[in-house]
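The values are calculated or read from the model by the stated rules, or taken from the named source; none is laboratory data. These numbers were taken from a predicted model, which means no experiment stands behind them. Every residue, glycine among them, receives a Cβ derived from its backbone with ideal geometry; neighbour counts consider all protein chains shown. Note: areas computed on protein heavy atoms with side chains; ligands, DNA, RNA excluded. Shrake-Rupley method; radii C 1.70, N 1.55, O 1.52, S 1.80 Å.
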Amino acid sequence: NRRKKKDDSILEIPSIPNPFPELCCSPFASVLSASLLPKATSRKKQVIKVYSEDDTSRALEVPSDITARDVCQLLILKNHYIDDHSWTLFEQVTHAGLGRAIEDHELVMEVQSNWVMEEENKLYFRKNYAKYEFFKNPLSFFPDHMISFPSETNAAVSHSGILQMFLSSSTYPEIHGYLHAKEQGKKSWKKLYFLLRRSGLYFSTKGTSKEPRHLQFFCEFSNSDMYMSLTGKKIFGAPTNYGFCFKPNKSGGTRDLKQLCADDEQSRTCWMTAIRLLKYGMQLYQNYMQPYQGRSGCSPLNVTPMRSISENSLVAMDFSGHRSRIIENPTEALSVAVEEGLAWRRRGCLRLNSHGSPIAMSNMGRCKLTHCQINAKAGSFTKDKMFLKIFISTAIHRSQSWFHHKISREEAQRLILQHGLVDGVFLVRDSQSNPKTFVLSLSHGLKIKHFQIVPLEDDGKLFYTLDDGHTRFTDLIQLVEFYQLNKGVLPCKLKHYCARIAL
């Protein structure tokens, strides 16, 4: 008792005034108290294994309360990647062909605690450009024929107002439409009319009736996670390739899955986005705003660059002589710019890859020289002249992160789908039908389109074109750089590339 009284008397001692308040980090902290002292917290650490697209992996020792965003930040720092706020941690159930993007605020250890022994679950680190795209472009995610509003709401609701209703606790738009549902314990699928409301997901037992007596409860989302079905047609016999499902936490396997399948990608995207907003609400918006909260008065919709330069203040300069001069003739300025660009391309010995790391091109030069020497010794240099030109021009772009060598059409679509079906996500690959041509695979309007890049020879020079020779390029790098700035014959500009990173 005496010791307890002594401890109580110590706790009751008032805080000591700080004699040097101006030395504190905050001008308002003028009193030294126990709350300002660092607390010795015992945080348990565990080891997690994260994979990349090329199946390389990295083991990380992390605290037990680490979030998915923190894991991404840790990998960005360790690998010296550029943080564009699109890096995401994915969970993949390999044996069932399921995958989902782990939300930034989710605890990684809680995700792993839901894994069961018989499942082959993995964590993947890749980019997801569509993670918060619905905040920027809600028009593409919520088509008018799939959404309806409460009767007391005005019929004319803007698409920005739709998001406000999703994030509001009082009102919630209703998502409705047909989905294919897999019958529990059977291999058959049945097409039903579904409705998404705040209380959960329902289906109608009588056509498109919304009367309460015809609605049957299908699923709620607090104790389950939503996954995208990557191979639903092959494993579960789904009628289309646009499947998704709900997997209960700590379930016994695929028998507990509640599987659905949409008729097209737009319908699946609408359902999955609305369910994400229903489950997490304002937390998603806070995750979206978190990278910009450190800047006062900034939002992701109106972030301005640190240095703004007007195009009218830029002039063309010539530094080739002893004294610099301004090039006033527009035609001369254009020709000088083209000449300088080609000269820079020829003498450039270093290229930066997608994440800012330099890649030397000297080995490629040696490969070209060796190939020419071999053909010359064999006496077949003239016969293989066209092949040599294709080899030399293709060797330049093989180090680029957007180029994928010999992958199939299905593999290209899978990569783009994993990176997010946002307008402008692309990759370039070898054509399987014609070995001398290439294919540009591009995402636009929630669809993946493929454009053939054809090599042309004109006056002994090799060019590449997408529009039957109307626009020609000396190599694929020039072609990609052009369509990153100009839409041309494409439905949209090239914005985001799919890359196979290594950890």
Point to revise | For region 45-127, the fraction of alpha-carbon pairs in successive 5 Å shells from zero, as % | key: 3, 14, 28, 29, 18, 7, 2, 0
Practice item. Mind grabbing the accessible area of PHE319 for me, 1.4 Å probe, Å², rounded to tens? Key: 150
Practice item. Multiply the residue gap between TYR178 and TRP115 by 0.36 nm, knock off their C-alpha separation, and tell me the result in nm, one decimal place. Key: 19.5 nm
Exercise for review: Could you list the residues of region 123-150 with an amide nitrogen less than 19 Å from a label point located 7 Å from the Cα of GLN283 in the Cα-to-C-beta direction?
Suggested key: 131-135
**Study point:** R0 of 56 Å, Cβ-Cβ distance SER148-GLU332: FRET efficiency to nearest 0.05
**Key:** 0.35
Revision key, fill the gap. For 118-129, 139-150, ranked highest to lowest by mean beta-carbon neighbours within 10 Å, the order is 118-129, 139-150
